[in-house]
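The block underneath contains the structure these notes are about, expressed in structure tokens.
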Amino acid sequence: MKHFLRVLTQFLVFLYCKCLGQGLKFVIRKVTGRCELQRICYNNKPGARRTLKIEMSLKRSKHELLQSAVSVHPDSVEKTIDDIMSLKKINPDTNPQLGISLQACLLQIVGYRNLVVEVEKLRREPYDSENPAHEEMLMKLWKELRPDSPLSGRISKQWCEIGFQGNDPKTDFRGMGLLGLHNLLYFAEHDKATALQVLHDSLQPKHSEMSKAEWDKKKFDKAIGYSFAIVGINITDLAYSLLVNGALKTHLYNVAPEMPSLAHFQQTFCYLMQEFHRFWIEEDPCDIMEFNRVRTRFYKRILKQLKNPDMALCPHFTASDLHLVNL
């Protein structure tokens, strides 16, 4: 009986809030002469502040046209905006900027959804050593990170020099599929100076007063000291999680004028790699066994930053222009 009363009370409260909300929206429209979409566009600057509110308004609308607008094909965005303007009885001649603003918001919304699909497809595609395109990407990664060291063979201990765990990197891509390789290669090709610096630092002894010879002789298991490629795949997982749970909307809506693309995601990965490198140094872990603790703290820090609707993790998409701790 108590459970029934509790459920009934929750339902009545929900019904009351919903009716109150609809009534309040009706009153505000009558007073201001503007619908909710107009008020959002006129009262919020372009970017995440505006687009997040537009997205929420569309999803919560009682009209099927507005609810389905967030999942239309990009080619249908312009027509969808025209239909929304017609439904809301908004004259485009007297409100020319509104259509432009709504279109930009909707392109960001549907672009984000499409980006999630594209990234998920790459994540699900396993690395195939029989696929020439996959092998070509892997060899490019080596050449970018070790330009002066020819690879002795496809199966080689040299892969450990760039942070893979064994003689054959394909086994390390199991968790993130091709997405991990795509991100590592993008980092190495498009932000090469930073990638090489991070790789160099990751191979250094934790205590700089110890020579490399002493380090090798004592065979210590800690350095600044993490496996570059493995950490890159792990940070790919972190970026993927931020994308899928919607946390990256704040960042991408602020930096992508229209549709977020795979390049935006990969540039974000470059930034996260650099920031994790800096964070790892700040945390000063005893050894690699503390990786999960440091990663969790780093993830929470990024999540906290992304709660700010004005946040753009890397506004100019050039990680090399940002500060990198030089060891």
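The values are calculated or read from the model by the stated rules, or taken from the named source; none is laboratory data. Quick caveat, the model's predicted, so the values are computed rather than measured. Cβ: placed from backbone, ideal geometry, glycine included. Neighbour counts: every protein chain shown. Protein only, heavy atoms only, side chains kept; ligands, DNA and RNA dropped before computing areas. Shrake-Rupley method; radii C 1.70, N 1.55, O 1.52, S 1.80 Å.
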> Which residue pairs have Cβ atoms under 8 Å apart, sit 6 or more places apart or on different chains, and have a first residue in region 268-280 that is of a type in the set (Val, Ile, Thr) and a second that is not in a helix (DSSP H, G or I)?
Replying inline: 268/248; 268/313; 268/314
> Identify, please: which residue in region 29-51 is farther than 30 Å from residue 247 by Cβ and assigned to a helix (DSSP H, G or I) and is, among those, modelled with the highest pLDDT?
Replying inline: 32
> Got at least one residue in region 125-144 being in contact with a Gly (Cβ under 6 Å, 6 or more places away or on another chain) and closer than 23 Å to residue 264 by Cα?
Replying inline: yes
> Within region 283-303, how many residues turn out to be open to solvent by 60 Å² or more (accessible area, probe 1.4 Å) and among the acidic types (Asp, Glu)?
Replying inline: 1
> How many residues are open to solvent by 70 Å² or more (accessible area, probe 1.4 Å), in a helix (DSSP H, G or I) and polar (S, T, N, Q) if we restrict to region 67-95?
Replying inline: 2
> Just for region 220-272: of the residues that are modelled with pLDDT under 95 and charged (D, E, K, R), which one is surrounded by the fewest Cβ atoms within 10 Å (Cβ to Cβ)?
Replying inline: 221
> If you check residue 151 against the conditions, is it in a helix (DSSP H, G or I) and hydrophobic (A, V, I, L, M, F, W, C)?
Replying inline: no
> Would a scan of region 274-286 turn up a residue that is in a helix (DSSP H, G or I) and closer than 21 Å to residue 177 by Cα?
Replying inline: no
> Among the residues of region 119-148, how many are surrounded by fewer than 18 Cβ atoms within 10 Å (Cβ to Cβ), in contact with a helix residue (DSSP H, G or I) (Cβ under 8 Å, 6 or more places away or on another chain) and not in a helix (DSSP H, G or I)?
Replying inline: 5
> Just checking, how many residues over region 149-176 are open to solvent by 40 Å² or more (accessible area, probe 1.4 Å) and either in contact with a His (Cβ under 8 Å, 6 or more places away or on another chain) or farther than 19 Å from residue 197 by Cα (or both)?
Replying inline: 11
> So which pairs qualify, if the first residue must be in region 145-173 and at positive phi, the second must be of a type outside the set (Ser, Thr, Tyr) and open to solvent by 40 Å² or more (accessible area, probe 1.4 Å), the Cβ gap must be under 8 Å, and the two must be at least 6 apart or on different chains?
Replying inline: 163/230
> So which residues in region 287-297 are part of a helix (DSSP H, G or I) and touching a residue at least 40 places away in the same chain (Cβ under 8 Å), if there are any at all?
Replying inline: 288, 291, 295
>> Based on this model, can you work out whether residue 115 counts as part of a helix (DSSP H, G or I), open to solvent by less than 70 Å² (accessible area, probe 1.4 Å), at pLDDT 95 or above and touching a helix residue (DSSP H, G or I) at 6+ places or on another chain (Cβ under 7 Å)?
In response: yes
>> Cβ contacts < 8 Å: first residue under 15 Å from residue 271 (Cα atoms), restricted to region 187-206; second residue hydroxyl-bearing (Ser, Thr, Tyr), any location; separation 6+ or different chain. Result?
In response: 187/194; 191/318; 191/320; 193/320; 194/320
>> Pull out all pairs, ordered by first then second residue, where Cβ-Cβ is under 8 Å, the residues are six or more apart or on different chains, the first lies in region 52-66 and is within 16 Å of residue 39 (Cα to Cα), and the second is outside any helix (DSSP H, G or I).
In response: 52/309; 53/44; 55/70; 58/70
